[in-house]
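Down below is the structure, laid out as structure tokens.
The values are calculated or read from the model by the stated rules, or taken from the named source; none is laboratory data. All values derive from a computational prediction rather than experimental measurement. In this analysis, Cβ positions are derived from the backbone assuming ideal geometry, glycine residues included, and neighbour counts consider all displayed protein chains.
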Amino acid sequence: MPYRSEKSQFLVVTVVMTIAVLIFSGVWSHALSLDELLDRIEKQFLRTKDFQASFVQETFLKSQGKTEREKGRLYFMKPRKMLWLYDKPKEKTLVVNSEKSWLYVPEDQVAYVQDTDRLLRSTATVRLLSGLGGIKKDFQVQFAASEQTDNREHYLLQLTPYDRNAGFTKAYIEINRTTYHINQVRFDDPYGNVTRVRLSNIQLNRQLKDQKFQFKPPPGVEIFQLP
């Protein structure tokens with residue numbers, strides 16, 4: 001069974017979601033220094049209770065030499081609740097709540113489940129999802145080199161986790177210089193794989209309900225417990 005790949009998908013999307021909330025939830029009216037930007041990020045995270053958006057996710061798989069493209073809608077609610085509804089090219093549902101994390105693939109009639117505490121063993125990830133403002137404590141953060149962005153209309157932040165078990169080696173966050181909206185998040189993992197997520201149709205603090213982040217496998221679905 002593809003335990004490693006399914007577990008990696010769990011971890012990557014949870015981190016992507018958290019950083020999306022951190023960056024997108026604030027709009028700033030002037031150019032900021034790195035310290036000013038990080039201070040605003042932490043303050044805005046405390047004000048954001050829930051978040052939803054459309055997404056396009058592209059994953060380059062180095063071992064296979066190919067890129068997979070998926071899209072759908074995602075939801076986030078504090079603390080540690082996420083729902084990713086993939087609709088193309090294959091329907092999938094990823095649900096993360098305080099107790100369990102599920103990945104359900106209707107076409108294959110299978111569901112993968114893992115304890116959320118085990119999924120979020122990374123200190124950096126846990127602190128971000130707990131809303132403790134750990135971005136400066138858990139990451140080396142800097143403005144990335146200008147040549148790593150496609151033009152001068154964006155800020156590009158580079159995050160390097162201090163925790164070697166974070167599940168990724170570097171993250172890059174592209175932010176529009178005019179609107180301060182997030183355009184894209186990129187993660188590089190230790191195996192040479194690259195995940196990019198682009199967000200649109202953002203909505204904040206829409207009073208999402210706990211029930212949205214619960215999952216019960218349909219009858220006949222084969223369930224695999226991830227370590």
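Listed here are the residues, each with its yes/no results for (1) at pLDDT below 70; (2) in a helix (DSSP H, G or I); (3) not aliphatic (A, V, I, L, M).
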position: V13; (1), (2), (3): yes, yes, no
position: A20; (1), (2), (3): yes, yes, no
position: V27; (1), (2), (3): yes, no, no
position: L32; (1), (2), (3): no, no, no
position: L37; (1), (2), (3): no, yes, no
position: E42; (1), (2), (3): yes, yes, yes
position: Q52; (1), (2), (3): no, no, yes
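Among the strands (runs of 3 or more DSSP E) confined to region 61-110, the ones with at least 1 residues that are over 14 Å from Q214 (Cα atoms), in contact with a Phe, Trp or Tyr (Cβ under 6 Å, 6 or more places away or on another chain) and polar (S, T, N, Q) are located at 66-77. The condition of being in contact with a Pro (Cβ under 8 Å, 6 or more places away or on another chain) and surrounded by 12 or more Cβ atoms within 10 Å (Cβ to Cβ) holds for only one of E91, E68, that being E91.
Confirm whether N201 is at positive phi and in a strand (DSSP E or B). In short, yes. Might you let me know whether region 185-192 holds any residue that is β-branched (V, I, T) and in a loop (DSSP other than H, G, I, E, B)? No, that holds for no residue. Might you check whether a residue that is more than 22 Å from Q57 (Cβ to Cβ) and without any contact (Cβ under 8 Å) to a residue 24 or more places away in the chain occurs anywhere in region 170-178? No, every residue in region 170-178 fails to be more than 22 Å from Q57 (Cβ to Cβ) and without any contact (Cβ under 8 Å) to a residue 24 or more places away in the chain.
Yes or no, residue by residue, for (1) among the small types (G, A, S); (2) in contact with a strand residue (DSSP E or B) (Cβ under 9 Å, 6 or more places away or on another chain); (3) at pLDDT 80 or above:
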residue	(1), (2), (3)
R73	no, yes, yes
M82	no, yes, yes
G134	yes, no, no
E147	no, no, no
